[in-house]
Every structure is written in structure tokens, then in C-alpha cells.
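A short worksheet on the structure shown next.
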Amino acid sequence: MAYWLFKSEPFKWSWDHQKAKGEAGEEWDGIRNYQARNNMRAMKLGDRGFFYHSNEGLAVVGIIEVCKEIHPDSTTDDERWECVDIKAVCDMPVPVTLKDVKANPALSKMPLVTSMRLSVQPVSEDEYLEVCRMGGLDNPPR
């Protein structure tokens with residue numbers, strides 16, 4: 001299993017929007033960055049990750065699961081752009097802010113700190129477990 005972080009501006013697509021999609025999940029569309037797209041190409045069904053509110057909130061607010069592997073992005077006819085579908089798994093009991101992530105030496109190499117603009121990022125297992133611990137998830141979904 002691999003772990004990921006998906007960034008979204010809450011006024012465009014929030015954690016509440018994601019949760020409202022239920023088990024069906026939602027296409028993570030509109031990505032027009034090759035590195036972010038390539039990260040999605042590496043995803044497998046059942047991979048877990050974080051839902052991160054960018055611009056407003058600046059915090060990890062929930063855990064997601066990849067529920068459909070890479071497929072054409074329905075928002076464009078350009079075949080270069082693909083996406084995955086994700087579904088909400090659980091809330092982060094205490095949102096983990098970017099400030100908290102940056103203050104934790106164990107997370108200093110996390111792409112959220114080093115590649116802040118990338119909208120879909122890999123997360124190591126150790127980083128995943130540390131952020132979950134910081135957010136109050138004693139037994140994080142794996």
C-alpha cells in the first residue's frame with residue numbers, strides 16, 4: 001500500500017463535499033500538472049491518504065481511499081490528463097495544520113513541506129503514521 005496527499009481549496013471542493021459523495025467517491029479531476037498526474041498513475045485501489053485544505057485552513061482534515069484507479073479525466077478531451085477516484089474514510093479528529101507539520105522534524109522531508117505547490121503528493125508510511133498520530137488517530141486506517 002502507498003500513501004498520498006490530495007490538496008483542495010475548500011471553496012472549490014471541501015472535505016464536506018468529499019464526504020457527501022459516500023462510498024461512490026469522486027473523480028479527482030482537473031489536475032494539469034504532469035508530476036501530480038504521474039503520482040495518480042502510481043496509485044492502486046485501496047491506497048490511503050490525506051485530504052488537505054489548501055489556501056483556507058491549511059490543514060489535513062481527513063483520510064481518503066483510492067476507490068478507482070487511473071482513467072481519463074472527464075473534464076477534458078485531452079488524453080494526456082487522467083485521474084483517480086477517491087472516497088472519504090474518516091475525519092481527522094484534530095486537523096493537522098501546515099504549521100504543525102513544518103514544526104515536526106520527523107516531517108521535514110515531506111513533500112507538503114518541500115514541494116508545497118504540488119496538488120497530489122506521495123506520503124511515506126512513517127509520515128502517514130506521524131500525521132495521523134498528530135491528528136489524534138491512534139489506530140489509523142491502513
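One table, with the values for the structure above:
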{"item": "Count of residues meeting criterion [touching an Asp or Glu at 6+ places or on another chain (Cβ under 7 Å) and either at pLDDT below 95 or open to solvent by 80 Å² or more (accessible area, probe 1.4 Å) (or both)] in the range 11-35", "result": "1"}
{"item": "Residue in the range 100-118 that is part of a strand (DSSP E or B), open to solvent by less than 60 Å² (accessible area, probe 1.4 Å) and in contact (Cβ under 8 Å) with a residue 24 or more places away in the chain present", "result": "no"}
{"item": "Some residue of the range 36-56 being free of Cβ contacts under 8 Å to residues at least 24 places away in the same chain and either surrounded by fewer than 18 Cβ atoms within 10 Å (Cβ to Cβ) or within 14 Å of the chain's Cα centre (by Cα) (or both)", "result": "yes"}
{"item": "Any hit, the range 69-76, residues being among the small types (Gly, Ala, Ser), open to solvent by 20 Å² or more (accessible area, probe 1.4 Å) and either in a loop (DSSP other than H, G, I, E, B) or without any contact (Cβ under 8 Å) to a residue 24 or more places away in the chain (or both)", "result": "yes"}
{"item": "Output for the range 1-10, where each listed residue is over 10 Å from residue 86 (Cα atoms) and open to solvent by less than 30 Å² (accessible area, probe 1.4 Å)", "result": "3, 4, 5, 8, 10"}
{"item": "Criterion (open to solvent by 70 Å² or more (accessible area, probe 1.4 Å) and of a type outside the set (Lys, Arg)) met by exactly one of 65, 125", "result": "125"}
{"item": "Candidates 63, 31, 86, filtered to the one that is in contact (Cβ under 8 Å) with a residue 60 or more places away in the chain and assigned to a loop (DSSP other than H, G, I, E, B)", "result": "31"}
{"item": "Any hit, the range 122-134, residues being on the phi < 0 side of the Ramachandran plot, in a strand (DSSP E or B), within 16 Å of the chain's Cα centre (by Cα) and touching a residue at least 12 places away in the same chain (Cβ under 8 Å)", "result": "yes"}
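The values are calculated or read from the model by the stated rules, or taken from the named source; none is laboratory data. This structure is a prediction, so every number in the text was calculated from the model and none was measured. Quick reminder, even Gly has a Cβ in these numbers, built from the backbone with ideal geometry, and neighbours come from all protein chains shown. Just so you know, the surface numbers come from the protein's heavy atoms only, side chains and all, with ligands and any DNA or RNA stripped out. Shrake-Rupley method; radii C 1.70, N 1.55, O 1.52, S 1.80 Å.
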